[in-house]
Amino acid sequence: MLRQLSRRNRYLILLVGLLLLGLYFAPLWFVQLTAPQYPEGLGMNLWIHKITGLGQFDLQNINLLNHYVGMDPIIEQAIPEFGYMPYVVAFMILGAVVTFLYPRRFMVYLGLANLLLVGTAGMWDFWRWEYNYGHHLNPGAPISIPGMVYQPPLLGCKQLLNIESCSWPHLGGYLLFLVTAVLLFVIVSEHSKGTASK
Amino acid sequence: MRHTLFRWSLVLCIASAVVASVALTHCSKGGSNSNILASDAAKRVYVAPGQKDEFYWFMSGGYSGQVAVYAIPSGRLIKQIPVFSLFPEDGYGIEEETKDMLLTSHGYIPWGDAHHPEASMTKGVQDGRWLFINENNTPRIARIDLKSFSTAEIIEIPNTSGNHASPFSTENSEYLMSATRFSYPIPQKDVSVQDSEKGVLNGSISMIKVDPTSGRMSIALQILVPGYDYDISHCGKGPSHDWCFFSTYNTEQAHKMLEIEASKNDKDYILAFNWKKAEQCLADGKAKDFSGVYYTNFHPENKATIAEKHSGVKMITNPADCSGMMYYLPTPKSPHGADVDPSGEYIVGGGKLASLIPVHSFEKLQKAINDKSNYIKVVDGIPVLKYESTLAGEVQKPCLGPLHTEFDGLGYAYTSCFITSEVVKWKLGTWEVVDRIPVYYSIGHLSIAGGDSAKPIAKYLIALNKITKDRYLPVGPEVTQSAQLIDISGSKMKMLLDFPTIGEPHYAQGIPASLLAENSQKIFILAENENPYAVKNEKDARVERDGKTVHVYMTSIRSHFKPDVVEVKVGDTVYFHVTNLEQDYDIDHGFAVYGAPTSNILIMPGETKTMRYEATKEGIYPFYCTDFCSALHQEMQQYLRVTK
């Protein structure tokens, strides 16, 4: 467990840190909405620290449409996760740097565990927000269809009244997948190196 | 006897049957103008649902005072731009922000007669920034912004009457030219028209400067010229960059029964005007301070119109004071068009009562003015040159009533012929007619995209006809005007489409969609709204009273106005300043108040507009959104309460 990482794998871990840095510059996920009246589409990007419209005024326009069915407005300030997610990612980058300087195999296990934990928690949290937005509707809303909920999908597309809502990973999301793959590769290669040397 | 009568009637009958059948065959040939299969034509103009056209075509609305925008080749009307006439559809010229656009030195005028759209140009080619158009009746020129497709500025031209030869642009839109069609006393005064000596009624040429960055227009210089009727102009390009050309009629200077008295001379003139020379004479102090009151009305984006009254212009009162500036080129007979080919070498006169089309050569003109033996006489300091000295050639027997000429850039010219109702295609240089096509009926102007510029697009020609008669389902005595789309991409012209137009389109400008569509404005950015009455947040919606004046700072967004109920008193003057908080394309809101003696106002996303309302009687007056904006549009209704 305390075995040193190979030189190449050390640099791969440094790469992981660099890739994670990308999360500050690219959105994790995006939600795209299309409707007959919105052929050009409306959409929003979810970052680790903010939520933005695909177009300059998309967020405002999505909220305007959502108010007809009584959904809460999507406002950055209402989502506390944006406040601490940057620190969580910073912690992971720090972990990568420490692993680079102190290249031990167990550190890589820890890193992967951390990543999977944060990833799973993040997806669950995203689902929970979507669930709440889609289910907690203002009973006084102009359009009220009994039994209808407006929870967007986590991954894939879903028809919600006249709007088709699609949710997919953005560049940041793919970075996370890549980071997971790199960590798995490091572990497997370290492991096979270990067995080969035995 | 009876027998003979019978035989004669039989002969007559047969004869008339033959005549009728010939006439019918002839008619059916003309009527279906079957030089192209209907299905082929349909394919050429069919723009499938969801697809877009290749060209914007800006057509003057004539006596509607507006500009109509058509999509070509489909011929669909896609916009009416209000310019010189008020427009209740969106409140232009009525609501507070734009009503001063229609101010003139004669007061507020709710109507105008729009004639010639002209595109702004760089190096003789349309640059897609602005469209200019003249008002003939109360002389004015408007500048339309081609991002917002709205009128940005109107300048009144003083010392001018019948602003017809206008607004023709120099090669880089340095200046717009403008001239009097109706000579009159300059400065204005009472004279005896019928008995007046020649010279009592004058003409004038105006140079309107266009600021190259802002587009703002100003009157740079005016020149007093003999009182002929200056009809149409076009400016030079390339070698003739420094020059503009104006056709004239009524060189007889008749002031009654012009249809007879003004058609006597065998030749009238085309005025060749060296505007660079005029610019130099102005700089040299040869222009005098001259009277003249006029307005400039500027509508900055999303603000109230700034209407300014000006007094005084610079005037060259005698063309002799600036020698080399002007020459008259004799041109048969009462010429209408004065059109310059893409190379800038040929100046084509449309001899409206002539049976030929005279073409002047710019090169020959340059030689002729340097040789005084070519001067026939001098009128008010303007030399009249020998016809032959500037003539490049004549198109013989092209048609009757040649009016206007446009070019395809491939060496051909297309001339509209009013009397014979046709378009004639002829070759520059050989002056041979190569093709002709009938149009329905009595064509005035014709238009090719860039057809008056240095770079025409030889694809479509639009015939702008004056008489419509039986082309559409009859709708009472007044019918629309008719335009016809003609394919000019091949060697033979092909008729593609008829479509009705608004008012009476005189000239038109076709501009490629690729030059304008990308820049077309979708919304006004609310954060950049500098209207002093704008409200950018619903929380700031309020009513402010200042004596008997009440300002309602109102917001509109799907699907309500704020404040909810507006309360005022009898005798109040109420200003509803409505800001549309939306930032979504095509989500306009309208605003109308029960009993308001104005129009509705239409407010674009991010825009503020103001309606003035006099509260005269107590009661409850509903107001509502007039532009269907959302699923809850019908619910967008509230109340104005007027109390004692």
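The values are calculated or read from the model by the stated rules, or taken from the named source; none is laboratory data. All values derive from a computational prediction rather than experimental measurement. Backbone-built Cβ (ideal geometry, glycine too); neighbour counts: all protein chains shown. Please note that ligands, DNA and RNA were not included when accessible areas were found on the heavy atoms of the full protein model with its side chains. Shrake-Rupley method; radii C 1.70, N 1.55, O 1.52, S 1.80 Å.
May I ask you to verify whether A:Leu12 is farther than 30 Å from A:Lys193 by Cβ and either within 14 Å of another protein chain (Cβ to nearest Cβ) or surrounded by 15 or more Cβ atoms within 10 Å (Cβ to Cβ) (or both)?
Answer is no for this residue.
Just one of (1) in contact with a Gly (Cβ under 7 Å, 6 or more places away or on another chain); (2) within 14 Å of chain A (Cβ to nearest Cβ) trips up B:Lys548, so point out which.
(2)
Regarding the range B:192-200, can at least one residue be identified that is at pLDDT 95 or above, touching a strand residue (DSSP E or B) at 6+ places or on another chain (Cβ under 9 Å) and not small (Gly, Ala, Ser)?
No, the range B:192-200 contains no residue that is at pLDDT 95 or above, touching a strand residue (DSSP E or B) at 6+ places or on another chain (Cβ under 9 Å) and not small (Gly, Ala, Ser).
Can you tell me which residues in the range A:139-154 are exposed (fewer than 13 other Cβ atoms within 10 Å of the Cβ) and either within 14 Å of chain B (Cβ to nearest Cβ) or without any contact (Cβ under 8 Å) to a residue 40 or more places away in the chain (or both)?
A:Gly140, A:Ile145, A:Pro146, A:Gly147
Only one of B:Lys256, B:Lys286, B:Lys314 is open to solvent by 60 Å² or more (accessible area, probe 1.4 Å) and in contact with a Lys or Arg (Cβ under 8 Å, 6 or more places away or on another chain). Can you tell me which?
It is B:Lys314.
Which residue pairs have Cβ atoms under 9 Å apart, sit 6 or more places apart or on different chains, and have a first residue in the range B:199-220 that is without any contact (Cβ under 8 Å) to a residue 40 or more places away in the chain and a second that is exposed (fewer than 14 other Cβ atoms within 10 Å of the Cβ) and among the polar types (S, T, N, Q)?
B:Val200/B:Ser192; B:Lys209/B:Ser218; B:Asp211/B:Ser218
Quick one: in the range B:550-574, of everything that is closer than 16 Å to B:Gly590 by Cα and polar (S, T, N, Q), which residue is most open to solvent (accessible area, probe 1.4 Å)?
B:Ser559
Just to be sure I understand, how many residues within the range B:551-582 are farther than 28 Å from A:Gly70 by Cα and either in contact (Cβ under 8 Å) with a residue 40 or more places away in the chain or not aliphatic (A, V, I, L, M) (or both)?
12
Collect the residues in the range A:64-91 that are of a type in the set (A, V, I, L, M), within 14 Å of chain B (Cβ to nearest Cβ) and open to solvent by less than 30 Å² (accessible area, probe 1.4 Å), keeping them in residue-number order.
Answer for the range A:64-91, where residues must be of a type in the set (A, V, I, L, M), within 14 Å of chain B (Cβ to nearest Cβ) and open to solvent by less than 30 Å² (accessible area, probe 1.4 Å): A:Leu64, A:Val69.
For the range A:23-45, state whether one or more residues are part of a helix (DSSP H, G or I) and surrounded by 16 or more Cβ atoms within 10 Å (Cβ to Cβ).
Within the range A:23-45 (the criterion being part of a helix (DSSP H, G or I) and surrounded by 16 or more Cβ atoms within 10 Å (Cβ to Cβ)), the answer is yes, since at least one residue qualifies.
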